[in-house]
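FYI, it's all coordinate maths here, none of it is from the lab. Everything quoted here is computed from the prediction, not taken from an experiment. As a convention, Cβ positions derive from the backbone with ideal geometry for all residues, glycine included, and neighbour counts pool all protein chains shown.
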Amino acid sequence: MALSGEEAQGPFDLTYYVKSAVAGGICCSITHGSLCPVDVVKTRIQLDPSKYNKGMIQGFRTVIAEEGVGALATGLGPTAVGYFVQGWFKFGGVEFFKIQQVQYFGVQTAWDNRFPIYLTAAACAEFIADIFLCPLEATRIKLVANPSYASGLISAFPKIIKDEGFVRGFYSGFVPILFKQVPYTMAKFAVQGAAQESICQRTGIELAVASDSTKLAVSLGSGVIAGVAAAIISHPADTLLSMVNKPGAGGSGSIASRLANLASETGPVKLMTNGLLPRCIMIGTLTAGQFGVFDIVMQATGAKKFHFEDPTESH
């Protein structure tokens, strides 16, 4: 079934999905990698709030004073690699699952249910992406929590397997990463879609025929809004994820019991607030950057993005 506006968008074939995946990998790797220093401070605040939770600027000063400027790049390797892989499956997957639902339901039904489609596509794509992200995220957190653990990604992987085993070492945080990333990604794409639609309605912009610079401006603006919303929603799970990857955290039981112990010990207020401000700054900037870079790369490949369009309106 043809999609509305496919002449101005699409075509939506395997080449389009590969371009989406490549653009997603690039945008996530660049944005997460560039914000690695903020992530280092945010993770330190979550792991040792009594020492680091004195504001983001003071957190930077403490890390630099004790460990040097280079410490702010701790975990850069697994961050860049992990989020390229995650972005590949997340952005490529969202486009795939979104368009498949539109083709299945038809243009009018899809338009009427575009936000459930955003949510479903994001949840499916993120679940797949997290299977590949989890080992790299566990490695990043271990390196940030203990910079002397290993010199980088390549040396850390075998050491984690030797010390803790493959499943416990790399997938102890899989449940919290799902609780963090799936709601985060659902909010990210749904809120971005809603914000984008609102901006276009208020300004009279039609994305299917808008200039590249206009599309980029809309992506950046809606991305900031989506990033802050997604950061707030997913922050408690992000805190637990940072904590559960710390050796011995939560006891020696199952992952579920360790998470329950950590949640009980930390309390709901601290779970929701420790490191929240730097994470809102980080994720708001990161999300805007992701949608912006994604659009730039898609434009560079010649791909024309899919956008929901109201079939009752003439264009």
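Where does the charge balance sit around Glu313 when Lys and Arg score +1, Asp and Glu -1, over other residues with C-beta under 15 Å from its C-beta?
-4
Where in the chain is the longest stretch that carries no GluC sites (Glu not before Pro) classed as loop by DSSP and with at most 11 other Cβ atoms within 10 Å?
It runs 8-312.
Can you tell me the orientation of helix 56-67 relative to the chain, as the angle in degrees between its alpha-carbon axis and the longest Cα principal axis, to the nearest 10?
Helix 56-67 sits at roughly 50 degrees to that axis.
Using the Cα centre of the chain as the reference point, and only Cβ charges (+1 on K/R, -1 on D/E), how large is the resulting charge dipole? Debye, rounded to the nearest 20.
That gives the chain a dipole magnitude of about 1140 debye.
State the answer as a single residue: which of Ile296, Cys280, Tyr17 lies farthest towards the positive end of the charge dipole of the stretch 14-301, with beta carbon charges of +1 for Lys and Arg and -1 for Asp and Glu, about the Cα centre.
The Cα lying farthest towards the positive end belongs to Cys280.
Mean separation of Cα pairs under 8 Å and 6+ residues apart, divided by the residue count of the chain: what relative contact order is that in percent?
25
Specify the angular offset, from 0 to 90 degrees and rounded to the nearest 10, of the alpha carbon long axis of helix 212-244 from the longest principal axis of the alpha carbons in the chain.
Orientation of helix 212-244: about 30 degrees from the principal axis.
Under 8 Å for C-alpha pairs, at least 6 residues apart: give me the relative contact order for the stretch 198-306, rounded to a whole percent.
For the stretch 198-306, the relative contact order is 38 percent.
Tally Lys/Arg at +1 and Asp/Glu at -1 over every other residue whose Cβ is under 15 Å from the Cβ of Ser264; what's the total?
Net charge in that neighbourhood comes out at +1.
Which order do peptides 13-26, 283-296 fall in by mean Cβ count within 10 Å, highest first?
Result, highest mean first: 283-296, 13-26.
Could you tell me which of Gly68, Gly87, Asn113 has its Cα farthest along the dipole of the stretch 1-141 towards the positive end, charges placed at Cβ (Lys, Arg +1; Asp, Glu -1), taken about the Cα centre?
Gly68
Using the Kirkwood formula over every pair of different C-alpha atoms, what hydrodynamic radius in Å results for the chain?
Its Kirkwood hydrodynamic radius stands at 20.2 Å.
What translational diffusion coefficient, in µm²/s and rounded to a whole number, does the Stokes-Einstein relation yield for the stretch 148-260 at 20 °C and a viscosity of 1.002 mPa s, taking the hydrodynamic radius as the Kirkwood radius over Cα pairs?
Estimated diffusion coefficient is 127 µm²/s.
Quick check: the angle from helix 36-47's long axis to the longest principal axis of the chain, C-alpha only, nearest 10 degrees?
That helix lies at roughly 50 degrees to the long axis.
Which shape class applies to the stretch 107-210: rounded if a/c is under 1.5, otherwise prolate when a/b exceeds b/c and oblate if not, where a ≥ b ≥ c are the square roots of the Cα gyration tensor eigenvalues?
Here the stretch 107-210 falls in the prolate category.
Let me check the size of the stretch 1-136 from its C-alpha atoms; what are the radius of gyration and Dmax in Å?
19.7, 61
Sorted by mean Cβ packing within 10 Å, highest first, what order do the peptides 251-257, 233-239 take?
Listed from highest to lowest mean packing, they are 233-239, 251-257.
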